[in-house]
Every structure is written in C-alpha cells, then in structure tokens.
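The values are calculated or read from the model by the stated rules, or taken from the named source; none is laboratory data. Everything numeric here is computed off the predicted structure, so don't read it as measured data. Methodologically, a virtual Cβ is constructed for each residue, glycine included, from the backbone with ideal geometry; neighbour enumeration extends over all protein chains shown. For the accessible areas, the whole protein counts, side chains as well, though only heavy atoms, and no ligand, DNA or RNA atoms are used. Shrake-Rupley method; radii C 1.70, N 1.55, O 1.52, S 1.80 Å.
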Amino acid sequence: MATLSDIGVAAGINLLSAFVFLLAFAILRLQPFNDRVYFPKWYLKGLRSSPSRSGTFVKKFVNLDFRSYLRFLNWMPEALKMPELELIDHAGLDSAVYLRIYLIGLKIFVPITFLAWAVLVPVNYTNKTLELQLKNVTSSDIDKLSISNVPDGSDRFWTHIVMAYAFTFWTCYVLLKEYEKVANMRLQFLVSEKRRPDQFTVLVRNVPPDSDESVSETVEHFFLVNHPDTYLTHQVVCNANKLAKLVKKRKSKQNWLDYYQLKYSRNNAKRPIMKTGFLGLWGEKVDAIDHHITEIEKLSNEIAEERERVLKDPKSIMPAAFVSFKSRWGAAVCAQTQQSRNPTLWLTEWAPEPRDVYWQNLSIPYVSIAVRRLIMAVAFFFLTFFFMIPIASVQALATIEGLEKAAPFLKSLIEIPFIKSVIQGFLPGIVLKLFLIFLPTILMIMSKFEGFTSISSLERRSATRYYLFNLVNVFLGSVIAGSALDQLNTFIKQSANEIPKTIGVAVPMRATFFITYIMVDGWAGIAAEILMLKPLIIYHLKNTFLVKTEKDREEAMNPGSLSFNVGEPRIQLYFLLGMVYATVTPVLLPFIVVFFGLAYVVFRHQIINVYNQEYESAAAFWPDVHGRIIIALLVSHVALIGLLSTKHLAQAAPLLITLAVVTIWFYRFCKARYEPAFVRYPLQEAVMKDTLERARDSNFNLKPYLQNAYIHPVFKEEDDDEEEEVVKLENESVLVPTKRQSRRNTPVPSKMSGASSQSLPEAVPEHSVP
C-alpha cells in the first residue's frame, strides 16, 4: 500500500511535470512563429496580426526580449481579467457556462475541504484502530486519516453523519443558486442574441408518404393548412452522404496536389514522384502532380454525376425537412406541440443552428433510430462491463506485488525506495489513463450510429455514456475490484463473519489510488492541455508543407472547439470522488481543489485565446451537469450507509436514507423549476423578441435570410444558379391547387407544383378538419 511518503513523491513528480509544462508553454507562447498556435482565436476574428519580423533573422523566429520571460506567469491574471459578459460575447454562452462547472467545483469543495480537515481529520486520526485491532489488513498512513481508523460502534461516527448532512446541504445550496443563475443567463442570452436561423426554424421528421405528391409538396401543404399565418418556407432533407464523401476525397487530393506543386516550385530540377499503392509504400511510380490532377478531374466528374442524381432521384429525398416561420412565436408553437393525431408522424423539434447540424444522420430513416439505439445500448453494456477485466488485470500488475510476481528479476530494482514510491504513487494512474485514451472516440462512433442530428446532441450523448463508464469502471471497478484483490489473502484466512468488516475498512483504502489518478490526469493533464504540443507540431508541419494562401494558414491553425464529450465527464469524475471521499477520506479533497483551481484558469485562457466553438446551444447541457452532481451525492450516501453498516452503527441508516430521499426531492424540485428553460422556449419571450425586432427593423425581409440557411454544405460550394435549382423558392404569391384528389385545394401557393389555377375560397376553413 502507498504511504504518505509515496504520495509525497508522486505529488512532487506531478507538480514538477506540471511546472515543466507551464514553463515550456510560457516560453513557446512568446516566440513569434508560435503566435498563431497559442492565439488562433484572435486571428480567426481578424483582431490580431502576425508579430513584426523586422530586424535580424533570429528575431523573426525567437523573442529576444528577456524581460518578457520574467513575466512568464502573467497569462494567469490575464485569463481572469475578462468579465463574464464580455466572455459570453467573445466566446459564446456554452463556453462561459462550461467554465462555471469548474467554478462550482471550487465553490463546493473549498468550504468542504476546510470543514473536513478541521473536524473529520482530527476525529479519524486520534484513533488507533488500524494499528491495534486489524493488523491482518493491509493499510497505509493515509488510511489512518480515514473513517477506517474509527473503532466499531464509536460515537464519533455521528460526526461523520452530521458532516454528511452539512456537505449535502451546502452542495444543494450551491447547485440551486447555479441552476437559477444559468437558467437566467440562458434566457437573457436568447433575448439579447442577434437574429439566427434556428430561432425561426423547426426540424420536421417522419413526414408521411403521399403517392400523389413529393415530400416537399406534402410538407408545404401541411404547414400552409395547419400554420397558415406563420409558415414561411422550407428545405427538404436529401441524402447527400455519398456526395459529401466524394467532395471530401477531392479536397484531400487537392491538398496533396498543393503540396507536390509547392515542392516542385522549390526545386524545378526534379518532378516529384509517388507510388500508387497503399500509403505510397508500393505500386507503380508515377508523376505525383499529373497523377493528382487526373484523380481530381475524375472525382469532379463523379461529383457532378452524383449531384445530378441527388437532385433528380426521389429516393434521395428523405421524409424530413427544415421548416422556417415568419416569427419566433410561430416556430415555438410548432416545435413544442403535437402536429398530428398520430403522435408518430410529423414529429417536430427545434432545429439545431446550421453549424450544429450533423448532416450525415439526417438521412437515417426515423423508424430505424429506435432499433439503432437499442443495439447501441446493448453494445455499451458489454463494453462497460467487459472493459473492467483488462483494467483490473493491468492495474494488478501496476503494483509492487504485481510487478514482482510478473517480473521477479526486477525485484531488487523495485525495492529501491524512490522507484518503489514512483510505482506505488504514479504507475496505477498512468495505466488507467492509457486505457481510457480511445474510449471517447468509441463512444462518439456509437452516438453517431444512434442517429442524433446535431453535434451538440452527439456530444451530450457521448458525455452521458462516458460518465456512466467512469462511474462503473474507473470508480466502482477500482474501489470494489481493487480492494478485493488487495485483501484476497485476508478473506481466505478469516471467518465469514469478519468479511463484511474487512470490506467496510478496505473500501476507503482505495483513496490512495484516486489521489495518484487525480495528480496524473488532473494536475499534469491540465498543464499538458495548455502546452498544446500536438496542435503545435501539426500546425508547423502544415505550415511548412501545405500552406500556400492565407486561407490555408487559417485552416492549419484552427484549433477546433472544446470537447464537451470528453471534458465534462472528466470533471464529473472529480465531483464523484470529492463527494464520496469527503466524509470517508478527507485527505483527498485538497488534491481535487487544486485540480479545479488550475483547470479553471487554464481553460479560461484556452477559451479566450484558443478554442473556436463550432456551435452554440445556449448551455443546453446544464441539466445533465446538475443531474450528475446529484448522482455523485447519492453515491456518497450509499457508500456511507454501507461503511457504517459494517461499523455496528445500524441506527444511522435511517438518517442517511432520509438524506438520500431529501437529495432526490431536491433534484425533482430543480428539474420542475428550472429545466423547462433548457427544453422549451417561452412564448412570452418569443413574442417580446419578435415585437422588439419588428420595431427596430420593420423592413427586414426574413425569407431571403432563411431560404438558404439549411442547404446541405456540399451544395453551398456550387454557384448561385445551382443553389436555386436545389432550393426552388417561390417568387410569386398565387393560388395553386394541390395534386391530391382526396383533399381540398390549398388556398396558398405550392412551390413545387408550378400550377396557377385558383382554389375555392370557401374550401379554406375545411383544412383544419380531419
């Protein structure tokens, strides 16, 4: 077991690595040739230009102002200077609210840490239970600061119960204030935000087939009849996935062509040669420039043919459409109401903003989504529980005993005090971190298969599964399996009556592993985040071999956005550890506080200077954040009930069960009070926004603004004539009959039919009658 000295060594190593990362960042960010790597957001906004390169050759690449190196930590106060309102305007509400998750961690755990160390640590440490009563159980110095060191049946356990109530009430108070704050921020953001297409647009799915009309005509007639005063225009969804792949492939070929042409321009004496086989490792040798020109021409012809097929083939049109309205009120009414007597038809939801649309999944038939999600639920179940086997096996090897058993010849080396401290305090966290590297990618692929239609919903779904995986494998797997493996010999040699007591004592002993994990993943991981070593290398490679124009340079330096599906579950694991171990092993809390403090400063800097958010969901993820912190509270209650039941304090169970019930009631209260603001758009706010906008800009023509907003991106690259062929917008207001013989005529124009005969006015009221 790790001792305090082992943890001290590990903490020193992680602090040193974090300091090295921060120092390297402070030096690299000052160099002129790295400016676009560490401040790309300002370049993309057009508010920053490349540093002056006048002077000697060295000054063009290296900052020779040594005074600037003395202020290598000035980025920290700079990151904290920008006010929150300015941050929202600069980076968006999603980014600002994401930072508040770290802020909540500080608000919750700083007071809890002080209270736990002032009350619980002395209560735990002033006992001799582990030394006198349980000599046969493996323990460490850290365990003496935990609840395991309190003797069975002791009245001191009432202190832990009181602290559990205090910690829970304080956490609920902070969560309540934050939920209220974020809900108000969201509503204020929606009110003050500039005009956006998604404010007027609804995504309609499962449009019923009609033998007499196309999907576009069916959609138009339905909304002209059922929303005659607010319907404006629509854009049907087409399956352009194959076309998008061809366009992407052509872009890749074009990048290689640019590379070879740039290479040839630097050395005209020799034409670049390439092999046509896999990855250019084998195959026929050809002229690289001519080969890629030929390939691009071939792909251009395929793209033209596929584009023509998508436009003319009815099978390429999906039973879905983006429907836009004349007002936010009209869109809100449509998005938040049932459109048909059959609740499985004409399904409506708020359209994602155009940047947020995940176009590939719009082509998935709605009826298959339920089957896809069932398949992924089963796959995730097996992934979660079978993943525990390799994690437990490798973690067993990442201990002193495991290494000595697997490699006896290393025993003399392992027993060196420093090496032993490093293995016990550092290696297990590294092993677990390595096992989780590819998990986010796997979970994102699963979410895409399920058919979610926006990037934000994909990330929220992946985040949910990542959190559940962490809860089962990283937390429960490490606690239960890890403790059981450590104590296996003890279980075999003692009576069955003693096993519950040993488990009750052994569970908090796993705190040493989580301390090392927090230092590896939290401290060193956050410091590595700001260093941005991977983007730094990629940018300079692209800048050297591929960049020819300023647009190419912008693409090369684009850092992407915050990965919510990775970052948020990672934060929630620390909330879970903090809640569970606050009353069990309070020595873990300072490590969590350091993580939240460092992460808040680092990500504030990254959001201000680096990350360029791909979409804006107006903090739609906050209910998930709130719910997972509540889950952490409930897990802490269950864990404490289990521990105290082994400590001959059964009378405490009703009190802790009551606390769990109160926590659940609090969650339901917050869900009913604040969650609607994240799910529905109040009609009162919509009317207010529409009224203000009409007063300020009464002559604004909304239709041209919305008509091309939701065209598939592959069509936006074509010329205006081709776009008109895709959209086919109406230009005149004439009365046109529907083609359907079984229904009344539509008293307003049909864009697709092209007819011009008049419909009967008296038929209009009958459209609302089924």
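Any idea how many residues of the stretch 189-223 are assigned to a helix (DSSP H, G or I) and out of contact with any Pro (no Cβ under 8 Å at 6 or more places or on another chain)?
Residues flagged as assigned to a helix (DSSP H, G or I) and out of contact with any Pro (no Cβ under 8 Å at 6 or more places or on another chain) within the stretch 189-223 amount to 12.
So which of 284, 302 ends up being among the acidic types (Asp, Glu) and exposed (fewer than 14 other Cβ atoms within 10 Å of the Cβ)?
284
Between a residue in the stretch 662-673 that is farther than 14 Å from residue 178 by Cβ and any residue that is open to solvent by 90 Å² or more (accessible area, probe 1.4 Å), which pairs come within a Cβ distance under 9 Å, given they are 6 or more apart or on different chains?
Short answer, once both residue conditions are applied: 662/169.
Six or more apart or on different chains, Cβ under 7 Å: which pairs go from a residue in the stretch 530-556 that's of a type in the set (Asp, Glu) to one that's assigned to a helix (DSSP H, G or I)? Could you list them?
Filtered contacts from the stretch 530-556: 554/44.
Within the stretch 171-193, restricting attention to residues that are of a type in the set (S, T, N, Q) and open to solvent by 40 Å² or more (accessible area, probe 1.4 Å), which residue is nearest to residue 660 (Cα to Cα)?
184
So residue 74 clears everything in (1) on the phi < 0 side of the Ramachandran plot; (2) within 27 Å of the chain's Cα centre (by Cα); (3) modelled with pLDDT of 80 or more; (4) not basic (Lys, Arg) except one condition, right? Which one?
(2)
Scan the stretch 674-699 for residues that are surrounded by fewer than 13 Cβ atoms within 10 Å (Cβ to Cβ) and touching a residue at least 60 places away in the same chain (Cβ under 8 Å) and jot them down.
680
Kindly evaluate residue 563 against the criterion of being closer than 21 Å to residue 99 by Cβ, touching a residue at least 60 places away in the same chain (Cβ under 8 Å) and surrounded by 24 or more Cβ atoms within 10 Å (Cβ to Cβ).
No: the conditions fail for residue 563.
Can you spot a residue in the stretch 681-703 that is over 30 Å from residue 326 (Cα atoms), hydrophobic (A, V, I, L, M, F, W, C) and either in a helix (DSSP H, G or I) or at pLDDT 95 or above (or both)?
no
Among the residues of the stretch 268-286, what is the count of those that are under 19 Å from residue 546 (Cβ atoms), more than 40 Å from the chain's Cα centre (by Cα) and at pLDDT below 80?
The number of residues fulfilling the criteria is 0.
Suppose we filter the stretch 330-366 for residues that are within 15 Å of residue 207 (Cβ to Cβ), part of a loop (DSSP other than H, G, I, E, B), open to solvent by 50 Å² or more (accessible area, probe 1.4 Å) and in contact with a strand residue (DSSP E or B) (Cβ under 8 Å, 6 or more places away or on another chain); how many remain?
1
Let me spell it out: the conditions are (1) of a type in the set (Val, Ile, Thr); (2) modelled with pLDDT of 50 or more; (3) surrounded by fewer than 17 Cβ atoms within 10 Å (Cβ to Cβ), and residue 734 meets all of them except one. Which number is the exception?
Of everything listed in (1) of a type in the set (Val, Ile, Thr); (2) modelled with pLDDT of 50 or more; (3) surrounded by fewer than 17 Cβ atoms within 10 Å (Cβ to Cβ), residue 734 misses just condition (2).
Looking at 591, 603, which is the one that is within 27 Å of residue 121 (Cα to Cα), out of contact with any Ser or Thr (no Cβ under 6 Å at 6 or more places or on another chain) and not hydroxyl-bearing (Ser, Thr, Tyr)? Don't jump to the end; show me each part of the working.
On the way: 603 fails: within 27 Å of residue 121 (Cα to Cα).
Result of the check over 591, 603: 591.
Is it true that some residue in the stretch 616-634 is among the β-branched types (Val, Ile, Thr), in contact (Cβ under 8 Å) with a residue 40 or more places away in the chain and either open to solvent by 10 Å² or more (accessible area, probe 1.4 Å) or not assigned by the TED database to the domain that holds residue 175 (or both)?
Yes, the conditions are met somewhere in the stretch 616-634.
Looking only at residues in the stretch 194-223 that are open to solvent by 20 Å² or more (accessible area, probe 1.4 Å) and over 36 Å from the mean Cα position of the chain (by Cα), which one is modelled with the highest pLDDT?
Of everything passing the filter in the stretch 194-223, 222 is modelled with the highest pLDDT.
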